[in-house]
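Data block below; observations after.
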Amino acid sequence: MENNEAIDGIRSLLDEVIDLHDGFSRQWADHSERNGLTMFNQKKVQVADLERNGLMDTVLCYDSFLSDSIGMDLFSDIEGAEIDHRVKAQNSILEKLEYYCRYSHEKGKVSVNKCFNDLFGIRITLDCPSLRYEDISQCVDQYGDVLAIEDKGFSRHCSETEYLATHIYIRGRGPAEVKNRLFRWELQVWSAHQERNNHLLHERHRFKYRGWERGDGRV
């Protein structure tokens, strides 16, 4: 796969994911209103305050709503790429909450949208060893503030001890006061030549509070 083909594939998948996120967010807003759930500002609320304010119920109910609503065959096939997706398991959510509040991130003094930004995760693995983070970043920039991007070392030299990928976060469309009340989704971009090493690191460390696990589509 050539670089331009890989970028076209990422762009095609992003278009589908953004549309899906928009539609699902509208469904979630209706569901929340009917069931008395609070759609809170995830930029202002900190992880450490979730349980004290009773807002953890919203996080777990969103995850359950995802599980009930998201099907298996969501995205179009892209030649030269593999696409997987999963909904985060609730035990992993609770472990992540504990990890943030007890062991890192200033004891939970970090915004919710920095922590629970991967309740729904998509991964695209591309057979394109020459693809660089800069190529992906230029693609993401075209979407403005609908997306956020984080370099996990995708452009660095392959290492047996490093997880190498690019993570793209889907924030949603609309003004900031709307986006800040939406749960972000995560799209991981992997290179096929690093896939085995990334899987080994996931299984070995589970990113301290569990990451993706292969099996039933949930982690």
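Could you tell me how many degrees, from 0 to 90 and to the nearest 10, lie between the Cα long axis of helix 90-102 and the main elongation axis, the longest principal axis, of the Cα atoms of the chain?
80
So for the chain, taking the charge dipole from beta-carbon charges (+1 Lys/Arg, -1 Asp/Glu), which of 166, 3, 54 sits furthest toward the positive end?
54
Sum up the lysine pairs in segment 15-124 that clear both bars: alpha-carbon distance under 17 Å and a spacing of 8 or more or different chains.
Within segment 15-124, the lysine pair count is 11.
From the helices alone, meaning DSSP H stretches of at least four residues, give me the mean residue ellipticity at 222 nm for the chain, per-run term -39500 (n - 2.57), in deg cm²/dmol to the nearest 500.
-13000 deg cm²/dmol
So how compact is the chain: Cα radius of gyration and Dmax in angstrom?
Here Rg and the maximum Cα pair distance are 17.1, 51 Å.
How many angstrom lie between the C-alpha centres of segment 159-200 and segment 96-112?
19
Quote the charge dipole size of the chain about the Cα centre in Debye, to the nearest 20; the model charges only the Cβ of Lys and Arg (+1) and of Asp and Glu (-1).
1200
Report, to the nearest 10°, how far helix 195-205 tilts away from the longest principal axis of the Cα atoms in the chain, using its own Cα long axis and a range of 0 to 90°.
Once rounded, the angle reads 40 degrees.
What figure, in Å² to the nearest 10, do you get for the accessible area of residue 152 with a 1.4 Å probe and non-protein molecules left out?
Roughly 60 Å² of residue 152 is accessible to a 1.4 Å probe.
Quick one: in segment 25-136, what % of C-alpha pairs are over 23 Å apart?
42
Name the aspartates and glutamates eligible as straight-distance cross-link partners of residue 179: C-alpha to C-alpha under 12 Å, and not fewer than 8 places from it in the same chain.
The reachable aspartates and glutamates, counting only those whose Cα sits under 12 Å from residue 179, are 22, 145.
The values are calculated or read from the model by the stated rules, or taken from the named source; none is laboratory data. In this text, all values refer to a predicted model and were calculated from it rather than measured experimentally. FYI the Cβ positions are ideal-geometry reconstructions off the backbone, even for glycines, and counts take in every protein chain you see. These accessible areas exclude ligands, DNA and RNA; they are computed on the full protein's heavy atoms, side chains included. Shrake-Rupley method; radii C 1.70, N 1.55, O 1.52, S 1.80 Å.
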